[in-house]
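Heads up, the thing below is written out as structure tokens.
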Amino acid sequence: MRRSPPTDDHATPQPEPRDERMATLRGQQLLAELAARAEMERSDSPYYADERVVGWLAREVSSPHRSSDGWSAARIRSAATRLRARAEAARLKVRLVAGSPPVERAAASGMIADVLDVARAMRAAPRLDLGAAAGVGRDLWDEPCEQWVRVPDDAPVGSYVSLRVVGESMDPLLHTGDSVLVQVGSTVARDTVVLARVPDAGYVVKKVGKVTRAQLELQSLNEAFPPIVVPRDERTIVGTVVLRWCPHGGTRAKA
């Protein structure tokens with residue numbers, strides 16, 4: 001019987017033709033893109049807390065090389081902004097909801113201080129415009145309230161207020177036109193978002209930075225806005241932001 005020639009297990013593999021190598025690399029790239037997009041559809045994906053992924057998307061904006069489906073710089077910027085917003089929301093414990101809040105006519109008329117207990121019993125939050133309530137010398141609790149927002153069923157029991165956001169200091173997490181749900185209480189913790197009263201400036205929504213016995217540092221996510229230092233007392237903090245409604249679907253990005 002004629003034997004087959006011995007094979008060399010350590011023989012150097014023949015190089016693939018260039019077209020085959022390019023096709024293999026292209027297939028791997030497409031698979032990676034599909035996997036990344038599928039992963040980013042998960043609201044609990046670790047991608048949203050990974051600054052490397054956020055940075056990669058940001059770098060794509062200025063890259064001359066585009067994805068296979070021709071993503072424009074504006075589309076990549078929108079994706080990067082949306083991803084950073086989710087990363088900040090996860091870090092700061094703010095739930096993101098696309099769409100407008102469930103607004104209803106107030107079941108009781110009066111100032112917020114007068115209707116807060118009634119609203120709490122009905123699982124609702126008195127609603128007002130932060131811009132209208134932000135004037136110096138005005139007290140949020142003395143603002144009239146004609147609308148309530150239905151509090152989500154899975155939210156902890158407590159008193160809440162809802163406000164429309166004004167300004168871009170918390171971009172990309174919050175924009176003008178968004179609404180927030182604030183759980184009322186003076187408890188403050190670092191790396192949360194709070195509604196606070198700033199002396200001589202009115203009310204602001206900011207991230208809590210440094211916390212000492214006497215002072216609080218309130219920070220903006222938008223680096224164009226400097227930190228604010230306020231006294232730490234029971235009148236400073238109105239409550240903690242636990243949810244954001246975004247009427248434009250959370251996809252807004254600056255050009």
Pick from the range 225-255 the residues that are modelled with pLDDT under 90 and aliphatic (A, V, I, L, M): which of them is nearest to E143 (Cα to Cα)? A253
I need the strands (runs of 3 or more DSSP E) fully contained in the range 147-217, keeping only those with at least 1 residues that are among the small types (G, A, S), in contact (Cβ under 8 Å) with a residue 60 or more places away in the chain and over 23 Å from T81 (Cβ atoms). 160-164, 202-211
Determine whether the range 75-86 contains at least one residue that is out of contact with any helix residue (DSSP H, G or I) (no Cβ under 8 Å at 6 or more places or on another chain), closer than 22 Å to G209 by Cβ and not acidic (D, E). yes
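To keep it simple, each residue is scored yes or no on (1) at pLDDT below 95; (2) under 18 Å from the mean Cα position of the chain (by Cα); (3) under 16 Å from T236 (Cβ atoms); (4) of a type in the set (D, E).
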residue	(1), (2), (3), (4)
S100	yes, yes, no, no
M111	yes, no, no, no
V118	no, no, no, no
R164	yes, yes, no, no
S169	yes, yes, no, no
G177	yes, yes, no, no
A196	yes, no, yes, no
Taking the stated definitions as given, is R105 among the charged types (D, E, K, R), part of a strand (DSSP E or B), more than 23 Å from the chain's Cα centre (by Cα) and at pLDDT 65 or above? yes
For the range 225-236, check the following and say yes or no: at least one residue is more than 26 Å from R127 (Cα to Cα), assigned to a loop (DSSP other than H, G, I, E, B) and either in contact (Cβ under 8 Å) with a residue 40 or more places away in the chain or among the acidic types (D, E) (or both). yes
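The values are calculated or read from the model by the stated rules, or taken from the named source; none is laboratory data. Please read these numbers as outputs of a predicted model, since none were measured by experiment. All Cβ positions, glycine included, derive from the backbone under ideal geometry; neighbour counts span all protein chains shown.
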